[in-house]
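Shown next, in structure tokens, is the structure this report addresses.
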Amino acid sequence: MEYEPVIGLEVHAHLLTNAKIFCRCSTKFGAAPNSHTCPICLGMPGVLPVLNKKVVEYAVKMGLATNCRINDRSVFARKNYFYPDLPKGYQISQYAEPLAEHGRIEIETGDGKKIIGITRIHMEEDAGKLLHDERNPSSYVDLNRTGIPLIEIVSEPDMRSAEEAAAYLKRLHEILVYLEICDGNMEEGSFRCDANVSLRPKGRAAFGIRAELKNMNSFRNVQRAVEYEIERQRHVLDGGGKVIQETRLWDDGQGVTLSMRGKEEAHDYRYFPDPDLVPVEIGKDWIAEIEKTQPELPQEKRERFIREYQISSYDAGVLTASRALADYFEEAARQAGKPKIAANWIMGDILKFLNEDKRSVKDCPILPADLAALIRLIDDGTISGKMAKEIIDVMYKTGKKPGAVIEEKGMVQITDESALAKTITGIIEANPAQVEQYRSGKEKVFGFFVGQVMKATQGKANPKLINDLLKKMLSGS
Amino acid sequence: MKITKEEVEYVAHLARLEFHAGETEKFTSQLNGILLYMEMLNQIDTTGVEPMTHAIAQKNAFRDDVVGESLMNEAALANAPDGRGDFFRVPKVIE
């Protein structure tokens, strides 16, 4: 039977605040265990959580960026369950009245563009971290992460393939990072994703029974896990079996999803409004104020780059991969006045250098102004493109300006027509046989002459000038 | 009956409570008494009245995003029944 996969994603993103969501402990990653804790995030009795205002602002930013309706009023609720990473016995989250709802974003895959709905975005606190003892029957609890602000972004079950799921995830990730509200680090757990996957016979409206996938800490693993799960469920259904509603963990090493069977209690969270926290009311004025701080989003930027700089959609995609890179390109393009050429140098050379060194564009030794200067030097004929390749390499290694590198290497291009003509005359005189061949119609010999001139000038002659002069002089005029 | 013995057992399980013999029946009957008493509230017509979750009509109580002092690690672990090094130790929760 032909099946259609139905996929929905739940994404948890750490918000880049200084302090935790309900207390003043630091959110910095990597501190000594349990050193960023206080009576509030340790869940001591009698304490009062107070909401960090920045969390609301950041959550609203994401809501606006994903075309959600920001609710006038939202309420925190207690989600009750027992686990050692949750000292209070409940997680403060939002339930019946979340911050934002009914959003959508556009994704693009090999099959074209598609809109994916966002069910809701709500604010909540993160739980602590558990380390499991290899040899003893013990787990160790670090509560530094407890109370770090999260937004949970729940999609509609709108995705139909692992590729769409990965595209949606990447789009969310780039929006969060562009907004500068999340560092997007998947390895450190600042951006986490669970996937709900089910199959239904093609053409049927009702959903099949779904499995929830966890423990995928990279885009690639999300795609692999969803692909695996689709195949697994197809196999179960084709064999006449039934898919069980359960949580499955992705095992990266084996490349499979494994059931958490038996380890999971039936979920009954008994949500109720948290009496410690008062409702959040976000008026139009506040939203308008936040809207003013919204940056240009990646998709808008890509479209503008294609329109404004006449670069390809692929190039625009590469150049908008981060805000810093997009800014770098725009600055170099503006100063050089040649956007396409600036794009080529960045994508061909600068990104190669940076990738090799695993360096961010923010730390690039070549400043946009330096790249622009290099482009202008090619443009006005001072140097050839070939020389520029050599120069940019030195610029990257030393951080020197192109002018200084050219001077040091004595690399100025010969653009003096009379000097070059003299060299060409010498070459013509020294190779009468080839001249004869050329004049009798063997145009291939032309390459030989170009090579000779390049050699004689150590590659410093302007190639266009060589071509023009050679043609003129070889034809015997 | 507002609540069955099975429901009491279920709620007790969620709350990680264990009862001695006979206690489940006792609590079921007591909880029924309480719930039946509360049932009187349902006689009041609350049409058009917003459910109240707070005794005070407050909204938007915020703190600024400023880091303050945390507890020292020793203080954080002071009440822990089983502190180990910098950590709280608990029975293993995963295989």
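Provide a single number: the residues in segment B:42-81 that are closer than 19 Å to A:M44 by Cα, modelled with pLDDT under 90 and at the interface with chain A (Cβ under 7 Å from one of its Cβ atoms). Result for segment B:42-81: 1.
Before we move on, is A:A369 in a helix (DSSP H, G or I), of a type in the set (G, A, S) and in contact with a Phe, Trp or Tyr (Cβ under 6 Å, 6 or more places away or on another chain)?
Working: in a helix (DSSP H, G or I): yes; of a type in the set (G, A, S): yes; in contact with a Phe, Trp or Tyr (Cβ under 6 Å, 6 or more places away or on another chain): no.
Criteria not met by A:A369.
When only residues in segment A:1-34 that are at pLDDT 95 or above and of a type in the set (S, T, Y) count, which is nearest to A:E156 (Cα to Cα)? Residue satisfying both the conditions and the ranking: A:T17. Taking segment A:29-138 and the strands (runs of 3 or more DSSP E) fully enclosed by it, the elements with 3 or more residues that are within 23 Å of the chain's Cα centre (by Cα) and in the same structural domain as A:N18 (by TED's automatic domain parsing) are at A:100-109, A:112-125.
Exactly one residue among A:T17, A:T37 is of a type in the set (V, I, T), under 16 Å from B:A76 (Cβ atoms) and within 7 Å of chain B (Cβ to nearest Cβ), and that residue is A:T37. Condition (residue is more than 14 Å from chain B (Cβ to nearest Cβ) and either closer than 22 Å to B:A61 by Cα or open to solvent by 10 Å² or more (accessible area, probe 1.4 Å) (or both)) applied to segment A:126-135: is it met by at least one residue? The answer is yes; a qualifying residue exists.
Each row is one residue, and each column tells you yes or no for (1) small (G, A, S); (2) modelled with pLDDT under 95; (3) in a helix (DSSP H, G or I); (4) under 22 Å from A:K114 (Cβ atoms).
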{"position": "A:G147", "(1), (2), (3), (4)": "yes, no, no, no"}
{"position": "A:L150", "(1), (2), (3), (4)": "no, no, no, no"}
{"position": "A:V154", "(1), (2), (3), (4)": "no, no, no, yes"}
{"position": "A:I175", "(1), (2), (3), (4)": "no, no, yes, yes"}
{"position": "A:E187", "(1), (2), (3), (4)": "no, yes, no, no"}
{"position": "A:A195", "(1), (2), (3), (4)": "yes, no, no, yes"}
{"position": "A:G203", "(1), (2), (3), (4)": "yes, yes, no, yes"}
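The residue of segment A:107-119 that is farthest from the other protein chains (Cβ to nearest Cβ), among those that are surrounded by fewer than 20 Cβ atoms within 10 Å (Cβ to Cβ) and at pLDDT 95 or above, is A:K114.
From the list A:V226, A:V236, exactly one residue is surrounded by 13 or more Cβ atoms within 10 Å (Cβ to Cβ), hydrophobic (A, V, I, L, M, F, W, C), farther than 30 Å from B:L14 by Cα and in contact with a helix residue (DSSP H, G or I) (Cβ under 6 Å, 6 or more places away or on another chain). Which is it?
A:V226
Between A:I406, A:I375, A:I424, A:I428, the distinction of being under 33 Å from the mean Cα position of the chain (by Cα) and surrounded by 13 or more Cβ atoms within 10 Å (Cβ to Cβ) belongs to A:I375 only. Would you say A:L179 is in contact (Cβ under 8 Å) with a residue 24 or more places away in the chain and in contact with a helix residue (DSSP H, G or I) (Cβ under 6 Å, 6 or more places away or on another chain)? Yes; evaluated as a whole, the condition is true for this residue. A search for C-beta distances below 7 Å between a residue of segment B:49-75 that is farther than 18 Å from A:I282 by Cβ and any residue that is among the polar types (S, T, N, Q) and part of a loop (DSSP other than H, G, I, E, B), counting only pairs 6+ apart in sequence or on different chains, returns B:V66/A:N18; B:V67/A:N18; B:S70/A:S35; B:S70/A:T37; B:L71/A:T37; B:N73/A:N34; B:N73/A:S35. Take A:R224 and tell me if it is over 21 Å from A:G103 (Cα atoms), among the charged types (D, E, K, R), out of contact with any strand residue (DSSP E or B) (no Cβ under 9 Å at 6 or more places or on another chain) and part of a helix (DSSP H, G or I). No, not satisfied.
The values are calculated or read from the model by the stated rules, or taken from the named source; none is laboratory data. No experiment lies behind these values; they were computed from the predicted model shown. Positions of Cβ are backbone-derived with ideal geometry, glycine not excepted, and every protein chain shown enters the neighbour counts. Just so you know, the surface numbers come from the protein's heavy atoms only, side chains and all, with ligands and any DNA or RNA stripped out. Shrake-Rupley method; radii C 1.70, N 1.55, O 1.52, S 1.80 Å.
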